[in-house]
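Notes follow once the structure below has been shown.
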Amino acid sequence: MRSLQDALYNWLTIKVVVDARPDDQAALDTVQLFESILRDDYQVEVVDISKDDMMYFVTYTQAGEKKSTRFPIELIDVMLNQINEHPERYRNFPI
């Protein structure tokens, strides 16, 4: 990842998919990958995710310091929206 912001963005995008599709093994594997990047490369632990009508808010700790960032909903939900619009392209397969 180029930056912490990129890693958080990618993690949140796939986390939204996992929350909507908890049986999606590919999404679960991907969210775990991004969690390890956040933990190992940036020493980040996500504490909370919330959202309002326009933004997702991510609160996290980094090196013991509490921080937060935000992302527009339209950017984060793009992958989930694509999956929902074209479910035939994103089928779950048993392991």
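Here are some notes:
- Cβ-Cβ under 9 Å pairs, at least 6 apart or on other chains, region 44-67 side farther than 18 Å from D19 by Cα and free of Cβ contacts under 8 Å to residues at least 40 places away in the same chain, far side among the aliphatic types (A, V, I, L, M) and open to solvent by 60 Å² or more (accessible area, probe 1.4 Å): T61/V47; K66/V47
- Residue that is farthest from I83 (Cα to Cα) [pool: residues in region 20-51 that are open to solvent by 70 Å² or more (accessible area, probe 1.4 Å) and in contact with a helix residue (DSSP H, G or I) (Cβ under 9 Å, 6 or more places away or on another chain)]: D41
- Highlighted here are the strands (runs of 3 or more DSSP E) found entirely within region 26-72 that include at least 2 residues which are touching a Ser or Thr at 6+ places or on another chain (Cβ under 8 Å), among the aromatic types (F, W, Y) and within 14 Å of Y9 (Cα to Cα): 55-62.
The values are calculated or read from the model by the stated rules, or taken from the named source; none is laboratory data. Predicted, not measured: the structure shown is a model, and the values here were computed from it. Here Cβ is always computed from backbone atoms with ideal geometry, including for glycine, and neighbour counts include all displayed protein chains. Ligands, DNA and RNA are stripped out before the accessible areas are found, and what is left, the full protein with its side chains, is counted by its heavy atoms. Shrake-Rupley method; radii C 1.70, N 1.55, O 1.52, S 1.80 Å.
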